[in-house]
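Colleague: Next up is a structure, given as structure tokens.
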């Protein structure tokens, strides 16, 4: 029940971007929505870089995930416009595109293998000579051996996005309850949406596990914008790294992918990230290092999210396991989960991401197998 | 005047290790001492590594400074024992000695040139083969080309030392006044001691300028002691770095020396420090990075401190400009400045460090020429 005694249609667990966007969509359609989270936006999104990169992140063996990433990225322009209209706030949505680069000959060979795969899927990847790279971004290291442009891979600032989504959800009528949910049985609602990131495992028994990522935030000295405008992703002496420029001078440099559950920042990870970043963009050495932090992504056995009803619980919808893709997948997740709540009919796009695809997933709520 | 209406014998400006040690010595001899500092221990000492390294830091062209460093290091064992007796607290005084190492052939050639100079001064420097290095510290990188032991170069933890000195000074009767001193003319005391670090310039007109240092603090994972016991100083691909192990698992990794007055932490400095540290002690890559910070050392034109009366002001004694050597120089500074206050006769050791040695230093208090 909400505070005013009316029945709750949907209880959303988790006020990260996924949960808030779902709540926004449902509340805007007239449903009574309550979002439960003691610390909204404090999960993976607080650490995320915010790349909207379905092309650069189209990896071997993940075609179904790539399809969903592309579908969601295609929704981002309209989603961003709607969010701006609903809130009037700026959340760092930028469309300069992404440069993919290789530092050494070995790096370039590795990168070209991936770009050929991406081109084979029909994705927009335009190879560039070193001179073409530097024409677009003069700050790139002169020794880069080559690169490619993914013009449709964009970015948004997750630390601005979450407050914007929260405003949008609340203006549409959703109610935020700043208390944790220990058990789904504590919730009284027609439908429950579990958008709790890593916390989904304990609530649902789904095989969602924390995947540690360490990430740095730098700042251009003197309060100016960074010395580059594109998102830069690269291979640098075997190290994969991305560098994301923000209009306010911030530069996000990330990220490790570690099968660990702690959130300590290690000397070796900071060293590797800084070395690769400075190798690609030497001017970064002069930037202030303002934050080094680790977060936990909600990973699944196949790296793809879990979207839809729990086995045997049609009233409980999972919207979790977004791993490294939570920000780009926010629009499609919100739209399709909202449609599912409203119509009861799953969109065909959701089929590969059913909750019952993992062998051994219990048909009912169980203890967290990862804890 | 002190709070109880009695006349003040000595007003000390600055409650860093220098000011507090002087206050301790003078109060213990029966003088009425007031120490002025709004934020005790917040200057260079809060960032310092605490090496007591007169041998490893005996550089070309600094023989007079080296003499003072050696004199002070020789006083450290008794000083530490007295401080322990006066306070009962632990301040991380350790006597395992310092290993000096060279990573590459070029690094070793550069290091050997310095070790030969140090040996020429009669200082205890014992060359070691790579095997001998690793016998003493198995965690050192196998690729190190060589090293030397400076067994008399020790360490102390400045963040523990300052509170210990404060306790000792207060127990001896010194009074701390947590207010800033804007002008020396605001002080009412028979003698004024200016131990204000970088702040001495504005108060006295002495050519003391801030010299930026960036430094990292790591921590061994799991709450254990670090994987090495000696202080390690090294040349690593041309980068000079030191690594200081503390009993509680902390490792201090430093430090840059920059002619800058800001205290921002830069990506390039952190990268260089981490790279050199991990090159010398590979296990550090697994350590938590818990702090990256910059401080300002009080430097002088000849890198040596200023110890004694201001020109034309026999009642105002400077004890500042300790640059990179404030911790090791604390005992000799405290003893000799206290003796000067009590006897009016300067110790011959002080002669090279007079305040009037810099051409152009005004004979009276003036505006800060560096601001």
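Colleague: Read through the list (1) within 13 Å of chain B (Cβ to nearest Cβ); (2) on the phi > 0 side of the Ramachandran plot; (3) in contact with a strand residue (DSSP E or B) (Cβ under 8 Å, 6 or more places away or on another chain), then give the number of the only condition that residue A:173 fails.
Modeller: (1)
Colleague: Please count how many residues of segment A:231-272 are buried (at least 23 other Cβ atoms within 10 Å of the Cβ) and within 16 Å of residue A:297 (Cβ to Cβ).
Modeller: 5
Colleague: Out of segment B:248-276, which residues are outside any strand (DSSP E or B), under 21 Å from residue A:278 (Cα atoms), more than 7 Å from chain A (Cβ to nearest Cβ) and in contact with a helix residue (DSSP H, G or I) (Cβ under 7 Å, 6 or more places away or on another chain)?
Modeller: Within segment B:248-276, B:256 is the sole residue that qualifies.
Colleague: Could you list, in sequence order, the residues of segment B:278-298 that are more than 7 Å from chain A (Cβ to nearest Cβ) and either surrounded by fewer than 23 Cβ atoms within 10 Å (Cβ to Cβ) or part of a helix (DSSP H, G or I) (or both)?
Modeller: Scanning segment B:278-298 gives B:279, B:280, B:282, B:283, B:290, B:291, B:293, B:294, B:295, B:296.
Colleague: Let me ask something else. Working only within segment B:221-234, note down all residues that are more than 11 Å from chain A (Cβ to nearest Cβ) and at negative phi.
Modeller: Within segment B:221-234, B:224, B:225, B:226, B:227, B:228, B:229, B:230, B:231, B:232, B:233, B:234 qualify.
Colleague: Those residues that are closer than 24 Å to residue A:162 by Cβ and assigned to a strand (DSSP E or B), I need them from segment A:63-118; list them, please.
Modeller: Hits for segment A:63-118 are A:94, A:98.
Colleague: Any idea which of A:94, A:143 is in contact with a strand residue (DSSP E or B) (Cβ under 9 Å, 6 or more places away or on another chain) and surrounded by fewer than 22 Cβ atoms within 10 Å (Cβ to Cβ)?
Modeller: Unique residue meeting the criteria: A:94.
Colleague: Condition first: part of a helix (DSSP H, G or I) and closer than 16 Å to residue B:29 by Cβ. Now tell me which residues in segment B:336-350 satisfy that.
Modeller: Answer for segment B:336-350, where residues must be part of a helix (DSSP H, G or I) and closer than 16 Å to residue B:29 by Cβ: B:336, B:337, B:338, B:339, B:340, B:341, B:342, B:343.
Colleague: Would you mind stating whether residue B:315 is surrounded by fewer than 22 Cβ atoms within 10 Å (Cβ to Cβ), touching a residue at least 40 places away in the same chain (Cβ under 8 Å) and either touching a helix residue (DSSP H, G or I) at 6+ places or on another chain (Cβ under 7 Å) or within 14 Å of another protein chain (Cβ to nearest Cβ) (or both)?
Modeller: When the stated conditions are applied, residue B:315 does not pass them.
Colleague: Surrounded by fewer than 24 Cβ atoms within 10 Å (Cβ to Cβ), under 19 Å from the mean Cα position of the chain (by Cα) and either under 23 Å from residue B:261 (Cβ atoms) or modelled with pLDDT under 95 (or both): does that describe residue B:211?
Modeller: So residue B:211 passes the test.
Colleague: Still on this structure, please answer the following. Let me spell it out: the conditions are (1) within 14 Å of another protein chain (Cβ to nearest Cβ); (2) crowded, with 24+ Cβ neighbours inside 10 Å, and residue B:305 meets all of them except one. Which number is the exception?
Modeller: That leaves (1) as the condition not met.
Colleague: Give me the helices (runs of 4 or more DSSP H) completely within segment A:124-225, filtered to those with at least 1 residues that are touching a helix residue (DSSP H, G or I) at 6+ places or on another chain (Cβ under 8 Å), ordered by residue number.
Modeller: Passing ranges, in order: A:158-171, A:200-204.
Colleague: Then there is this: With respect to residue B:45, is the statement that it is under 21 Å from residue B:231 (Cα atoms), in the same structural domain as residue B:187 (by TED's automatic domain parsing), within 15 Å of the chain's Cα centre (by Cα) and assigned to a helix (DSSP H, G or I) true?
Modeller: Here the answer is yes, as residue B:45 does meet what is asked.
Colleague: Test residue B:292 against the criterion of being under 30 Å from residue B:136 (Cβ atoms), over 17 Å from the mean Cα position of the chain (by Cα) and modelled with pLDDT of 95 or more, and give yes or no.
Modeller: For residue B:292, the condition - under 30 Å from residue B:136 (Cβ atoms), over 17 Å from the mean Cα position of the chain (by Cα) and modelled with pLDDT of 95 or more - is met.
The values are calculated or read from the model by the stated rules, or taken from the named source; none is laboratory data. Since the structure is predicted, the reported quantities are computational estimates derived from the model, not experimental observations. Neighbour counts run over all protein chains shown; Cβ positions are idealised from the backbone, glycine included.
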